[in-house]
Amino acid sequence: LPVYPDGFPNEVLNRFSKLTGRGVLCNKPYSGTKVINDYGDQHLKTGDLIVYTSADSVFQIAAHEDIVPVEKLYEYCRIARDILQGEHGVGRVIARPFIGEAGNYTRTPKRHDFSLVPPKKTMLDVLKENDKDVIAVGKINDIFAGKGVSETYRTGPNKIGMEKTDELFEKDFEGLCFINLVDFDMLYGHRQDALGYANAINEFDAFLNEFLPNMRDEDLLIITADHGCDPGDTSTDHTREYVPIFVIGKNIKPQSLGTCQSYSVIASTVAEL
């Protein structure tokens, strides 16, 4: 997926501005919290959209809710998503609404991701085609652009995601419940909050302490991450260390899986089961 360390080319931004009727501010890699403080005042004066990226393949659009209502911002993201195909097919277009006044701007929980539709079948498609349930919790539906998902639940903080997991654990289904807990990344990793990160891990650990003893013989739990987001390094970007894979179940023999080369190891395991 393409990345843009020097910002997006004029051919993309000119078309985006023409279709939205708004100019563009920033257009370079930036911290999401810093960009609204550095460009928020100018955005309020001009109505131009704050467009920025990161080390990842993303096109992010920040706008104050008083200047651009959230649904209108989502519409602008859909326009960008239509433009950003092929050569410029970034992984995600992200709406970043914010509120507040000069010197005190804050992002709201109304962020929304518009993902590139997976170009081929994924493990989710295969499960759904074989009449298995594919239950998406948190950002999962957005990440896969709804493809291969049979049921979706939007959640907020980790606590809400874990409560929904407990609730779905009581549901009679056969297939996959795919859950994303976003606080590690969004609230603590990017914001360099090591203590908050540690507290979030403790909270998840306490949840597992209650969850694991209730697992049935046929249940399987896989815990992993989509990337690193080290709260103790010098960058607000994602980091590239290896991520863990824990495979837990009553019939799983404890052993080291070694270093796996790809997430396809997880997908093929789920599909085989």
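Can you check what the net charge comes to around residue 153, using other residues whose Cβ is under 13 Å from the Cβ of residue 153 (Lys, Arg +1; Asp, Glu -1)?
-2
Divide by every residue of the chain the summed helix terms, -39500 (n - 2.57) for each DSSP H run of at least 4, and state the resulting mean residue ellipticity at 222 nm, rounded to the nearest 500 deg cm²/dmol.
It lands at -10000 deg cm²/dmol.
Taking the Kirkwood radius as the inverse of the mean 1/r across Cα pairs, report the Rg/Rh of segment 92-163. Walk me through the intermediate numbers first.
Details: Rg = 15.5 Å, Rh = 14.0 Å.
When Rh is taken as the Kirkwood radius, the ratio is 1.11.
Would you indicate which of (1) 18.8; (2) 17.3; (3) 15.5 is the value of mean projected area of the Cα convex hull in nm² derived from the coordinates of this structure?
It is the value labelled (3).
For the chain, what is the accessible area per residue in Å² when the probe is 1.4 Å?
Details: 15210 Å² over 273 residues.
In whole numbers, the chain has 56 Å² accessible per residue.
Semi-axes, largest first, in whole Å: what does sqrt of 5 times each Cα gyration tensor eigenvalue give for segment 186-243? Please report the intermediate quantities before stating the final value.
Details: eigenvalues 153, 40, 8 Å².
They are 28, 14, 6 Å, listed largest first.
Students often get this wrong, so check it: of 28/147; 164/253; 72/110, which have C-alpha atoms separated by over 24 Å?
28/147; 164/253, as the Cα separations exceed 24 Å there.
How far is helix 32-46 tilted, in degrees, relative to the longest principal axis of the Cα atoms in the chain, given as a value from 0 to 90 rounded to the nearest 10?
Helix 32-46 sits roughly 30 degrees off the main axis of the chain.
With no solvent and one point on each alpha carbon, what is the Debye value of log10 I(q)/I(0) for segment 77-118 at q = 0.24 Å⁻¹?
-0.77
Excluding residues on the same chain fewer than 8 positions from residue 132, give the aspartates and glutamates whose Cα lies under 16 Å from its Cα.
Cα-Cα hits under 16 Å: 151, 172, 174, 218, 219, 272.
By how many degrees, 0 to 90 and rounded to 10, does the Cα axis of helix 194-211 deviate from the longest principal axis of the chain?
30
At each listed q (0.12 Å⁻¹), what is the log10 of I(q)/I(0) that the Debye formula gives for segment 1-99 modelled as equal alpha-carbon point scatterers?
Log10 I(q)/I(0), no solvent term: -0.32.
The values are calculated or read from the model by the stated rules, or taken from the named source; none is laboratory data. On a predicted model such as this, the values are computed, not experimentally measured, just so you know. All Cβ positions, even for glycine, are placed from backbone atoms using ideal geometry, and neighbour counts span all protein chains on display. Accessible surface is based on the protein model in full, side chains and every heavy atom, while ligands, DNA and RNA are left aside. Shrake-Rupley method; radii C 1.70, N 1.55, O 1.52, S 1.80 Å.
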